[in-house]
Each structure stands twice: as structure tokens, then as C-alpha cells.
1. Scan (1) in contact (Cβ under 8 Å) with a residue 12 or more places away in the chain; (2) farther than 14 Å from Ala207 by Cβ; (3) among the aliphatic types (A, V, I, L, M) for the single condition Leu126 breaks and write down its number.
2. Can you spot a residue in the range 26-48 that is part of a loop (DSSP other than H, G, I, E, B), modelled with pLDDT of 50 or more, buried (at least 19 other Cβ atoms within 10 Å of the Cβ) and touching a Pro at 6+ places or on another chain (Cβ under 9 Å)?
3. Within the range 171-199, take every residue that is open to solvent by 50 Å² or more (accessible area, probe 1.4 Å), of a type in the set (Phe, Trp, Tyr) and closer than 18 Å to Ile139 by Cα and give me the one that is modelled with the lowest pLDDT.
4. Being in contact (Cβ under 8 Å) with a residue 60 or more places away in the chain and either among the acidic types (Asp, Glu) or closer than 13 Å to Lys179 by Cα (or both) is the filter here; which residues of the range 144-165 pass it?
5. Yes or no: the range 159-170 includes at least one residue that is more than 17 Å from the chain's Cα centre (by Cα), modelled with pLDDT under 80 and among the hydroxyl-bearing types (Ser, Thr, Tyr).
6. Which one of these does His147 not meet: (1) open to solvent by 70 Å² or more (accessible area, probe 1.4 Å); (2) within 30 Å of Glu75 (Cβ to Cβ); (3) not charged (D, E, K, R)?
7. I'm told Ala150 meets every condition in (1) of a type in the set (A, V, I, L, M); (2) within 16 Å of the chain's Cα centre (by Cα); (3) not in a loop (DSSP other than H, G, I, E, B) except one. Can you identify the failing condition by its number?
8. List the residue pairs whose Cβ atoms are under 7 Å apart, where the first residue sits in the range 196-216 and is farther than 17 Å from Leu152 by Cβ, the second is modelled with pLDDT of 90 or more and surrounded by fewer than 17 Cβ atoms within 10 Å (Cβ to Cβ), and the two are 6 or more positions apart or on different chains.
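The values are calculated or read from the model by the stated rules, or taken from the named source; none is laboratory data. Here the structure is a predicted model, which is why all the values come from computation and not from measurement. All Cβ positions, glycine included, derive from the backbone under ideal geometry; neighbour counts span all protein chains shown. Quick note on the areas: whole protein, heavy atoms, side chains included, nothing else; ligands and nucleic acids left out. Shrake-Rupley method; radii C 1.70, N 1.55, O 1.52, S 1.80 Å.
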Amino acid sequence: MAEESGDQEKPYIGATGADVTVAVARSVLSIIPVLGQTLQEVVTAIVPNQRAERVEKYLVMLSQQIDRLQIAVQEIKRPESVDLIEEGAYQAVRALTDDRRLQIATVVANGLANEEQSKLRQKRLLKILGDLDDQELLILQAYANDHAQARLQEIAPHPVAASAPRPERDRSEFYEWSKANLHQRGLISTGLEGRFRSTRLTGLGRALLRAADLLPAGGIQDRLDRQYDNLPDEAQ
């Protein structure tokens, strides 16, 4: 069964770099007027045996982000930038939604706009993003909200009894597993706040959301993140 509409009209991506070059170039270069050729060069031969459509969308989104951040073409061609763009392309091929592809393109573009060490950090964050599913990302965003508990109650499935139908119990168990996975990855942490246990976004969790432009601007987590950025290097 076709995975996406119009599959018959999409070029087949073979295992060679030439196939990828032709398929992506024909459909993307006409869309991206200035940076298309540069972006095309750095993704040649990295997505064998995959349809071009997802890479096309990633390239368009990345080009838009690059234009927004006014990143110089020469910066894009740096080896560490190429590496970051390639990692984004690999993830874009696996991404099932445009929202996720936009998140990937945003993380990549934010990395391109900064110094070499930031590119390495963005690549690590990109890999973490690729390991999270949509529900986990939604839960993580909830912890960045000034009213986190209220937001989590909107996301969480209703409590179920042990006698509830299996699908309902599965949803509840999967939600708890998602939170546990965020804990395990160091994106949220739980500790005592007075006499009560409280779960909060960690610095790594904030960094991931901020890299993908998913951190609510002006919220408490955004303010904490910016305060950390303003600390002297020896204090971080």
C-alpha cells in the first residue's frame, strides 16, 4: 500500500549517489532559489533506498530556517555543518509528520547559526529528539509550561481500574512508560520540594526544547534557561 499520496509520481531512490542527486535536484532546486544547490550537495548519497519526498520537505524547511537566521552559505559548507545537515536528513527520512521534520530542520538551523562546539551539541540534541516519540515530546513540553500540572492533566489518559478493558490500560501504562523514558534520558527529574515530590524539566530538557523552538517564550523554563546562558563560563 502506498505510504503517502502520489507515490507513483515520486522518483525511485536507488542505492547510488547519482540517483539521489537527480531525484532531489529535480524536485527541490526549483523550489529553493539561492541555497538549493548548496543543500543538495551536502545530502547527496546519504539516503539510499528511500523516497525523496521527505528529504525534499526537510530541505525546504531547512532553507526557510536558514533564511530566517540569515546564515551565510560558506558557514553551511563547513565540515561540521555538513555533518549536522546529514544527521538531520537521516532523521527526516524516518520522520512521519511535517511537524517532526520542521523540528528537525529547526534544530539543524539553530546549530548552523552558532559556533563549532554548538554544532556538536545540536547534533547530540538532534539524536535525542529522534529517539522521542510525539507523546514523549508533548509531555516534555508540558513540563516547560508555567502551569505544568494542569497541562499534564490535559494530556494524561483518565485513571483506569485494573478491571478496565485492555486498550484503556495500555494507554495508561504507555503514558507512564513515556514519563519514565524521559526520566531515564535525563530530560526531567523528580526531587523533594519541601515535603512534596516534584518533577521538573532538567537543563538538558530545556536545551532540547529550545533547540527545536518548542520552549514557551517568556515562561519560567525559558527564563531559567536564559539565566543559565548569562552565567560566566566557570559557573556553568
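1. So the condition that Leu126 fails would be (2).
2. Looking for residues that are part of a loop (DSSP other than H, G, I, E, B), modelled with pLDDT of 50 or more, buried (at least 19 other Cβ atoms within 10 Å of the Cβ) and touching a Pro at 6+ places or on another chain (Cβ under 9 Å), one finds none in the range 26-48, hence no.
3. Phe174
4. Within the range 144-165, the subset in contact (Cβ under 8 Å) with a residue 60 or more places away in the chain is 144-146.
The one that is in contact (Cβ under 8 Å) with a residue 60 or more places away in the chain and either among the acidic types (Asp, Glu) or closer than 13 Å to Lys179 by Cα (or both): Asp146.
5. Yes, some residue in the range 159-170 is more than 17 Å from the chain's Cα centre (by Cα), modelled with pLDDT under 80 and among the hydroxyl-bearing types (Ser, Thr, Tyr).
6. Tallying (1) open to solvent by 70 Å² or more (accessible area, probe 1.4 Å); (2) within 30 Å of Glu75 (Cβ to Cβ); (3) not charged (D, E, K, R), His147 fails exactly one: (2).
7. (2)
8. Leu204/Gly186
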